[in-house]
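A short reminder: the numbers here are calculations on the coordinates, not readings from a lab. These numbers come from a predicted model, not from an experiment. Note that each Cβ is placed from the backbone with ideal geometry, even for glycine, and that neighbours are counted across all protein chains shown.
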Amino acid sequence: MSVVSYSRKVFAPVTELCRDVCHYCTFAKSPRTLQNPYMSPEAVLETAESGRANGCKEILFTLGDKPELRYRVAREALDELEFATTLDYVEHLSRLVFDETGLLPHINAGVMTQDQMQRLKQVSVSQGLMLESSSERLCERGGPHFGSPDKAPSLRLQNIRWAGELQIPFTTGILIGIGETRKERVESLEQLAELHSAFGHIQEIIIQNFRAKPGTKMSTAPEPDIEDLLWTIQTARDVFGPDMAIQTPPNLNNGELRRILDAGINDWGGISPVTPDFVNPEAPWPQIERLAEETSAAGKVLVERLAIYPRYIFPESPFIEPHLLSEATKHINSGGFVRNDDWCPGIAADLPYSIPRSAVHARSAIKSSVAVAIDKARRGQTLGDKEITLLFAARGIDFDDVCSAADELRADVSGDSITYVVNRNINYTNVCYFRCGFCGFSKGKHADHLRGKSYNLGLDEIAVRTIEAYARGATEVCLQGGIHPSYTGETYLDICRAIREAVPSIHIHAFSPLEIWQGAQSLGIRVSDFLEQLQHAGLGSMPGTAAEILDDEVRANICPDKIKTSQWIDVISTAHQVGLKTTSTIMFGHLDHPRHWAKHLLLLRSLQQKSGGITEFVPLPFVHPQTPIFTKGLARKGPTFRESVLMHAVSRLVLHPHINNIQTSWTKMGIEGAKSCLNAGCNDLGGTLMNESISRAAGAEHGQEIPPQRMIEIANAVGRPAKQRTTLYAHPHESDQSNFARGDLSADATHGSHQTPSPA
């Protein structure tokens with residue numbers, strides 16, 4: 001379904017004094033009608049706090065043009081406030097509101113100098129100035145802009161050009177019905193399109209229809225009818241193409257919203273649950289809930305955005321100052337729109353909604369693009385990047401359809417059983433000399449003040465933990481750790497030998513492609529030779545972690561010194577060649593976007609087609625709280641719940657028929673979140689884990705272990721049977737299942753050993 005956006009904002013009319021005398025305006029007032037020439041800082045903060053309490057992310061500063069040049073009372077008020085100009089005061093208020101409330105300022109300050117625009121860029125995420133019309137004729141005697149020096153089209157076009165040169169995300173548009181011709185409207189739009197083509201900075205075009213207001217010189221002027229408005233919207237869409245946000249104020253066009261949507265708009269502008277439209281106070285805002293209903297009735301989905309549009313929010317964006325970018329990033333999802341729930345991976349919280357099993361909706365005879373992509377995937381055909389990205393954008397009915405299709409495909413391919421493995425995690429060291437920004441687990445050798453003490457388990461301790469795991473029914477030990485500066489390939493070989501000697505029959509699932517690559521490098525041998533040595537020492541299979549996002553554009557930002565995409569593929573491919581099975585993963589929801597996810601999935605699909613060595617795909621939603629890239633303000637708060645569920649569902653569709661097992665990580669999704677994923681294409685719950693520590697170090701709150709009986713309860717809760725498996729998806733022999741595997745959780749069954757890890 002197509003997306004229509006809006007910004008939840010609060011309005012702060014800093015001053016209603018203005019030196020211009022536009023003949024249709026009721027915003028500008030004379031000094032004698034105002035109690036105060038300017039809003040006080042206290043009043044602005046009170047308004048901002050009210051907006052923040054009502055879910056607003058934006059504060060819109062509206063004001064008249066340079067009132068101090070016309071009114072003595074304005075100059076005196078500014079003197080008392082200790083500011084030289086109105087714009088100096090706006091700059092102060094913007095900084096104050098952001099520092100105190102975190103609201104993101106958008107400033108409509110009229111015509112400015114280039115220096116003033118640059119200064120306001122330091123304290124706002126976007127700015128705006130309506131062109132209204134490029135017709136000089138409207139400024140002549142008798143025209144609506146006569147006596148308004150700041151409405152000169154040349155000045156306004158120059159400001160919009162300066163905004164482009166300064167890389168300021170900018171809002172502009174035209175006002176129709178004030179005496180211009182249709183030809184002049186087209187010329188205005190074309191001039192704006194030319195500026196946007198040069199600088200790429202215009203984030204939205206407003207098509208606003210004139211409304212006659214009592215008490216103005218144009219109170220009896222005819223208003224443009226709905227057909228005229230629709231023609232102008234369609235023309236704007238033709239001029240700017242499909243990627244531009246076209247906006248028309250909904251409060252000025254009550255009763256015609258469906259037709260306006262059909263004409264080509266995709267944004268409703270700013271809607272405030274707190275303050276009125278001070279420019280059009282006679283026209284109240286529609287309730288956001290009603291706006292959502294109207295949008296849905298047109299076959300579209302209403303989504304919230306920030307004052308700055310998604311395409312300008314990215315790491316090191318030149319369009320927004322770093323401190324403002326950090327705050328904006330906290331609020332957004334992978335598409336750059338506002339997160340629609342408070343759920344975050346790893347954090348104990350209620351789910352925003354449940355995922356029904358196989359929801360069925362009435363559809364038109366004409367298949368949507370989403371339905372076409374689903375059908376193609378179910379037939380086992382390879383989807384293109386754009387088709388996969390489309391599936392990741394699914395909302396509303398499309399979202400339900402993607403989840404249902406994935407669940408039905410899961411039933412066809414993997415059956416109804418929900419599998420799990422009884423295993424133990426052994427993270428042998430948290431010391432690492434790599435600097436991955438997403439990692440809350442690893443640390444420098446002497447960084448004892450960060451996330452607990454550093455440690456390095458000895459071989460005896462690893463052996464003891466393996467014996468304990470086997471005694472409690474584990475068929476697998478899963479080993480991963482940081483890349484300790486003293487580790488070589490021989491270290492990993494010794495670990496395998498110690499485990500094999502301690503418990504000969506246990507499956508060793510160990511060492512990420514990064515560890516394999518580093519181990520081979522340290523020994524000066526080929527990866528294939530090192531893998532064969534590890535096999536001989538007891539290695540049974542490998543986790544396909546360290547993949548993060550298989551796109552070097554993203555890796556350059558989140559793990560610049562880690563192995564590249566090609567190296568990860570090479571290690572995994574080589575493992576398959578020497579007879580080692582691997583899992584595959586994605587770690588998503590940080591600085592990445594759906595286009596990167598699509599590329600990642602297609603790489604895995606291609607790899608599996610060639611080698612057939614991947615046992616399962618495991619989506620790992622980014623857990624943010626204790627990670628460097630989040631604490632530095634660079635990353636999002638992990639994926640949203642919708643995005644997390646979609647990753648599981650879409651991967652089922654995209655990887656079919658080559659990877660048949662899709663696993664959900666209960667440490668990241670939580671128990672209830674995992675249940676949702678089991679209704680959206682997943683057939684595996686992963687491991688019981690015992691001592692999971694990597695997610696917890698990043699801030700996850702979902703515990704360290706789930707016993708087999710709890711796995712059975714989770715499966716039963718979604719109406720399916722549970723089935724214990726081995727690492728390689730075989731049925732474990734009865735002799736390998738101890739009391740723990742049958743659910744005997746005695747008080748003597750404890751986590752970990754009683755020995756103390758050796759210091760790192």
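Summary value for the range 483-634: 22 percent relative contact order, contacts being C-alpha pairs under 8 angstrom separated by 6+ residues. Once the Cα atoms of helix 369-378 and of the chain are each reduced to a long axis, what angle between those two axes, in degrees from 0 to 90 to the nearest 10, is obtained? Once rounded, the angle reads 10 degrees.
Straight-distance candidates among the lysines for linking to LYS453, with alpha-carbon spacing under 24 Å and chain neighbours fewer than 8 residues away dropped: LYS443, LYS445, LYS562, LYS632, LYS668.
If you count the DSSP beta bridges with both ends in the chain, what percent of them are antiparallel, to the nearest 5? Counting only bridges with both partners in the chain, antiparallel ones make up about 5 percent. Positive contributions from Lys and Arg (+1) and negative ones from Asp and Glu (-1), summed over other residues with Cβ under 11 Å from the Cβ of HIS331, come out at +4.
One decimal place: the segment SER522-SER2 gains 182.0 nm when fully extended, by the rule 0.36 nm per residue minus the C-alpha distance. Do the alpha carbons of any pairs in LYS367/LYS675; LYS564/LYS599; LYS300/LYS367; LYS581/LYS610; LYS300/LYS675 sit beyond 18 Å of each other, and which pairs? Checking Cα-Cα distances, LYS367/LYS675; LYS300/LYS675 exceed 18 Å. With a Förster radius of 60 Å applied to the C-beta separation of GLU80 and SER606, the computed FRET efficiency comes to 0.30.
The gain in end-to-end length when the SER296 to TYR353 segment is fully stretched comes to 18.7 nm, 0.36 nm per residue minus the alpha carbon separation. A full extension of the chain between ASP385 and SER219 corresponds to an added length of 54.4 nm, given 0.36 nm per residue minus the alpha carbon distance.
Relative to the longest principal axis of the Cα atoms of the chain, the long axis of helix 565-577 lies at roughly 30 degrees. Straight-distance candidates among the aspartates and glutamates for linking to LYS183, with alpha-carbon spacing under 15 Å and chain neighbours fewer than 8 residues away dropped: GLU132, GLU136, ASP228, ASP238.
Each distinct pair of alpha carbons in the chain adds a 1/r term; the inverse of their mean, the Kirkwood radius, is 28.7 Å. Listed peptides 471-482, 310-321, 502-513 appear in the order 471-482, 502-513, 310-321 once ranked by packing, highest mean of other Cβ atoms within 10 Å at the front. Charged neighbours of THR491, selected by a Cβ distance under 12 Å, balance to -2 (K, R count +1; D, E count -1). Each of the peptides 236-243, 61-68, 341-348 was scored by the mean count of other Cβ atoms within 10 Å over its residues; in descending order, highest first, they stand as 61-68, 341-348, 236-243. Mind giving me the FRET efficiency for GLU282 and GLU256? R0 is 25 Å, r the Cβ-Cβ distance, nearest 0.05 is fine. Calculated value: 0.90. Counting only residues at least eight positions apart within a chain, or on another chain, the lysines with an alpha carbon under 23 Å from that of LYS66 are LYS29, LYS121, LYS151, LYS217. Seen against the Cα atoms of the chain and their longest principal axis, helix 72-81 is set at about 30 degrees. Placing a pseudo-label 7 Å from each Cα along the Cα-to-Cβ vector at GLN567 and ALA43 gives an inter-label distance of 6.1 nm. Taking other residues whose beta carbon is less than 10 angstrom from the beta carbon of ILE107, and scoring Lys, Arg as +1 and Asp, Glu as -1, yields 0.
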